[in-house]
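Reading through the structure tokens given below for one structure.
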Amino acid sequence: MRLLSLCLTLTPESLILRDVKRFIYLVGKSDPHSESIQAIRRLGYNVGIFQDSNLTLKHPESYDTIIPIDFSQLDDEMARLKTSELAIDGLVCTYENYVIAKCKLAQYLGLPSSSVASAEMATDKHLMRQAFLREDSTITPRFATISSKEELLAFADTTVYPLIIKPTNLVKSLLVLRCDNQEELLENFAYAEATIDELYQKYNIYDREPQLIVEEFITGKSCSVAAFVDHEGVPHFCEGIVSLTTAHEHGMADTYLYSRQLPSEVGDALSQKIFTVSEKGVKALDMRSTPAHIELMYDGEDVKIIEIGARIGGYRPRMYEYSYGMNLIDQEVKLAIKQLPNLSGSFQAYSSVFELFPETEGSFVKINTALATTDAFKYFHIRPKEGQLIGPAKNGHKATATIIIVNEDKATFDTLCHQVDRMRVEVA
């Protein structure tokens, strides 16, 4: 494929495109498991990328235009861009730590997007919770920002254990710590304070000061829904609710999501309540021209939002494709150019994604698969090599293994899932 412009510096001359065809740009970096590039080309657009200059771009030949950007100095970088010379119709962002940058670039270039204020709320759990409180105090747990032991204990005195400590700007379950008593609360807070700066640097969290919050632990079952919010702020929800199982429910002393299953077995009345609360959350964050990944907790008829991400969510595209034949990546790209999503689909199969972590840090030995028929799994990936250091999510580690199961027959599907339930990660 012909590479039109590989820009090593942001000079006006380097930004002149030699093709009159319009572009959709990716922002930050491309997800290697996403099909964003193919989706953009299916709509008849060239593919550009505002590439994080601190990272190495894999497969540069896949892009028609590459513009390196130092996202830690985004305001200075934007000043060098010539809007009249960039034939851009839309921006797509697949990683949460570039959501704000995408909205700033969209505002500068006059492209469809949420506001910068909306992006800041969608990527900061403190601002997000405040927005939910303003919209409807019943849809969010009580919380407080904490920067000292005194603030932490003051909040603890107003509620009951367990409590959750979490960073405001990290993704997945990184540094999310459950505290069952005051001793654990103080111990986990000290650990989080000592670790948070390093994790913000490791995951390229730009323009945000490391911050922690403490919040009530909500009892009940977890779930998530996928939505696409159009340019007028109207959310379009995908069929099906994803059932989530936490590590604690799986018997692990950790806070990551152990499994995701589509569809869940939630009744019609509760399903409607989940979608209603989700719509309130989207409205509270004033989201526009963006996907929304909404995680919730329900107990009886009481439904609260855990968080909303301005992204599809890592495994959702594959799950919805397997279960309903929906292409979520295509819908994300359509939002970028003010087209409405097409979420028509019909049930095809049950799907589930599992992430495995060890209970303690150590050198990776193996995953015990003696009781599993791994050749029946749709996907089975072990990330570390033998001897590599791994550990729990609460200590800042990523998953040791990812497993995907897809099957049309519910009994066979359940059997395969139970096989994964018996697996354990072994460390030296």
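What follows is calculated from the coordinates using simple rules that are stated; it is not laboratory data. None of these values were measured; they are calculated from a predicted model. Cβ atoms come from the backbone with ideal geometry, glycine included; neighbour counts cover every protein chain shown.
Tabulated data
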read-out	value
Only Lys, Arg (+1) and Asp, Glu (-1) charged, at Cβ; the chain dipole about Cα centre in debye	1240 debye
³J(HN,Hα) computed for each position of the range 87-100 - Karplus, 6.51 cos²θ - 1.76 cosθ + 1.60, integer Hz, glycine/proline x	7, 9, 9, x, 10, 10, 10, 10, 10, 4, 6, 10, 4, 5
Of Gln348, Thr255, Ser173, farthest towards positive along the dipole that unit charges on Lys, Arg, Asp, Glu beta carbons give the chain	Gln348
Computed [θ] at 222 nm, deg cm²/dmol, the chain (DSSP H ≥ 4; -39,500 (n - 2.57); rounded to nearest 500)	-8500 deg cm²/dmol
The range 334-414: chymotrypsin sites (Phe, Trp or Tyr not before Pro) in DSSP coil with no more than 14 other Cβ atoms inside 10 Å	Phe347
FRET E, pair Asn54, Arg383, Förster distance 22 Å, beta-carbon r, rounded to 0.05	0.50
Theoretical FRET efficiency, 1/(1+(r/R0)^6), r = Cβ-Cβ of Glu150 and Lys21, R0 41 Å, to 0.05	0.10
Excluding exposed DSSP-loop GluC sites (Glu not before Pro) (at most 13 other C-beta within 10 Å), longest clean stretch of the chain	1-231
Per-residue ³J(HN,Hα) for the range 261-271, Karplus 6.51 cos²θ - 1.76 cosθ + 1.60, θ = phi - 60°, Hz, x for Gly and Pro	10, 10, x, 7, 10, 7, x, 4, 5, 5, 4
Using distinct alpha-carbon pairs, which all enter the 1/r mean, Kirkwood radius of the range 49-109 in Å	12.4 Å
Stokes-Einstein D in µm²/s, Kirkwood radius over Cα pairs - the chain at 25 °C with 0.890 mPa s viscosity	108 µm²/s
Distant-in-sequence amide H partners of Ala226 (H built 1.01 Å from N, under 5 Å)	Cys238
Asp268-Arg80 FRET efficiency (beta carbon distance; Förster radius 56 Å; 0.05 resolution)	0.55
Relative contact order [Cα under 8 Å, 6+ residues apart], the chain, whole percent	14 percent
Dipole in debye (nearest 20) - the range 350-427, about Cα centre, beta carbon charges: Lys, Arg +1; Asp, Glu -1	220 debye
Per-residue ³J(HN,Hα) for the range 243-250, Karplus 6.51 cos²θ - 1.76 cosθ + 1.60, θ = phi - 60°, Hz, x for Gly and Pro	7, 10, 10, 7, 4, 4, 5, 7
Residues with amide H under 5 Å from that of Lys378, placed H, sequence gap 5 or more	Ile404, Ile405, Val406
Pairwise label distance in nanometres, Gln38 with Thr373, each label 7 Å out on the Cα-Cβ vector	2.8 nm
Gain on full stretching of the segment that runs from Arg208 to Ser72 - 0.36 nm per residue minus C-alpha separation	47.9 nm
